[in-house]
Amino acid sequence: MAAEPLRIALAGLGTVGGGVIRLLTANGALIARRAGRPIEIVAVSARDRGKDRGVDLSRFAWEDDLALLAQRDDVDIVVELIGGSDGPALALARRTLGLGKGLVTANKAMIAHHGMELAGAAESANAPLKFEAAVAGGIPVIKGLREGAAANALTRIYGILNGTCNYILSTMEDTGRDFADVLKEAQALGYAEADPAFDIEGTDAAHKLAILAAIGFGAGVAFDQVEVDGITRIRAADIARAQALGYVIRLIGMAECEEGGTRMFQRVQPCLVPRSHPLAAVDGATNAVVAEGNFSGRLLFQGAGAGDGPTASAVVADLIDIARGDAGPPFSVPVAELEPLAAADGATRTGRAYLRFIVADRPGVLAEITAAMRDAGVSIESLIQQGQAAEGGEVLVAMVTHEGPERAVAHALELLRESPSLARPPLVLRLID
């Protein structure tokens, strides 16, 4: 007797939703063999019923009301691809799990903000909750941390988590063009949204980092603890300085378990990455995640971080796991056993920093900056001063510090905060060594 199919409802028919339909159509027989049963879409819902999405929707029931998807008797699993941390997506997720049905989502914002609530609801209902597609597109990094690295105590997870930012920075590096120009190109090519704020300001990467940290460290999701800085202030001159020093600039999400596993540090920030580091070779819209385990050593996950094919692949991989009966707690351990790790104080961390100042071109400015560094206890390793005629005679001063506490750099900048010599706020980038 043939196994009963896993029947799914699909909420959201954008790029990823269309990709899921195409993937299940193209690879249906292969997927059924690997899952042990067919996976079939029975119902769909989206805002615009008449829009041409390039896929045949006549095979599926259409629900104008999202809430009705979860209530259908012929639906086992709801796949949520609407997006947004709240609103219709969250209402559908709560309704689905409340009815004891499984949920698969690609919604990193919803998981980052409401993951603990939804995981608790899933556990109470004994229903699966899966979100592989929420982080790094088609890269199986969540599965890699939950399963492949399960025997390890992870101490650090970091990487390139936003393809839009990586495309912009690596293109600036290759062409010497400035941020605004490359952003326009990224929008024209579809790598960046019309409103790119979530990407370029670092919020998207912060959502993903909070999810990875929770899974990797057995902690509760703590998005509000992530320090976030985007790439909007990176100039072509910064890229050139980094190259001269043997580095590239990448937006890095970094999470570490500190103080014997009692505190967690999370930060998203542009960093200088040595050319010898694996992340330095990651260019274009690619994502890469590094996890460091006490027995496994360094693990590198790399691949396409977005797009209909890679993200749909992650969604369907979750469906295959559910079809096989592979569920388990959404965050590796039950919600009640997740550690409520306090936020680590970034100011206590030590490291090297790249500092860039745009200053008035007049005598004494450099002495003022170096005096502030001296008074704050910051040791300067190298310094470059260069005039920028195109910027009205303003001077770019860039320096790299020796290793030292972050609070010392912050103190130096505070000493300079009211200085009339600074034409713009300083830029601070950390070095990954």
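Readers should treat all values here as calculations from the given coordinates under stated rules, not as data from a laboratory. Source: prediction; values computed, not measured. We place every Cβ from the backbone using ideal geometry, glycine too, and count neighbours over all the protein chains shown.
Just a few scattered comments:
- Whole-Å distance, taken between Cα centres, linking the range 169-193 and the range 331-374: 27 Å
- The simple spin-label model puts a point 7 Å past each Cα toward its Cβ; for Ser276 and Asp65 those points are separated by 6.4 nm.
- Theoretical gain in end-to-end length, Asp52 to Arg22 [0.36 nm per residue, Cα-Cα removed]: 9.4 nm
- Calculated log₁₀ intensity ratio I(q)/I(0) where the Debye formula runs over C-alpha points of the range 141-305, q = 0.11, 0.20 Å⁻¹: -0.43, -1.26
- For the chain, the longest principal axis of the Cα atoms and the long axis of helix 163-175 meet at an angle of about 40 degrees.
- For the range 63-189, average projected area of the Cα convex hull in nm²: 11.0 nm²
- Cα-based values for the range 339-415, radius of gyration first and Dmax second, are 15.1, 54 Å.
- Correct option for semi-axes √(5λ) of the Cα gyration tensor in Å [calculated from the coordinates] among (i) 30, 25, 21; (ii) 81, 29, 16; (iii) 44, 24, 18: (iii)
- Shown for the chain: lysine pairs separated by 8 or more places, or found on different chains, whose C-alpha atoms are under 13 Å apart, numbering 4.
- Distance between modelled label sites at Ala180 and Arg37, nm, 7 Å Cα→Cβ extension: 5.7 nm
- Listed from fewest to most Cβ neighbours within 10 Å, the set Arg241, Arg424, Arg250 follows the order Arg424, Arg241, Arg250.
- For the pair Ala360 and Ala29, label points projected 7 Å from Cα toward Cβ lie 7.7 nm apart.
- With R₀ fixed at 41 Å, the C-beta to C-beta distance from Ala410 to Asp326 puts the FRET efficiency at about 0.30.
- DSSP-defined beta bridges in the chain - what % are antiparallel, rounded to 5: 65 percent
- Residue among Ala367, Val428, Gly351 farthest towards the positive dipole end of the range 348-431, charges placed on Cβ: Gly351
- If you take all other residues with their beta carbon under 14 Å from the beta carbon of Val335, and give Lys and Arg +1 and Asp and Glu -1, the sum is -4.
- Within a Gaussian network of the chain (alpha carbon springs, distance under 10 Å), most fluctuating of Ala150, Ala26, Ala197: Ala26
- Two-site FRET efficiency, Arg349 against Ala371, from Cβ-Cβ distance with R₀ of 30 Å, rounded to 0.05: 0.75
- Between Arg424 and Glu147, the contour length at 0.36 nm per residue exceeds the Cα-Cα span by 95.0 nm.
- When all alpha carbon pairs of the range 69-130 are counted in 10 Å bins from zero, the resulting P(r) reads 26, 61, 13, 0 %.
- Neighbour-limited loop hits for GluC sites (Glu not before Pro), the range 156-234 (at most 15 other Cβ within 10 Å; DSSP other than H, G, I, E, B): Glu193
- Using 0.36 nm per residue and subtracting the Cα-Cα separation, the extra length available between Ala236 and Ala336 on full extension is 31.2 nm.
- The angle between the Cα long axis of helix 179-189 and the longest principal axis of the Cα atoms of the chain comes to about 20 degrees, rounded to the nearest 10.
- Distribution of pairwise C-alpha distances over the range 1-117, 5 Å bins, in %: 2, 11, 22, 23, 20, 13, 6, 1, 0
- In degrees, nearest ten, helix 236-245 long axis to first principal axis of the chain (Cα): 80 degrees
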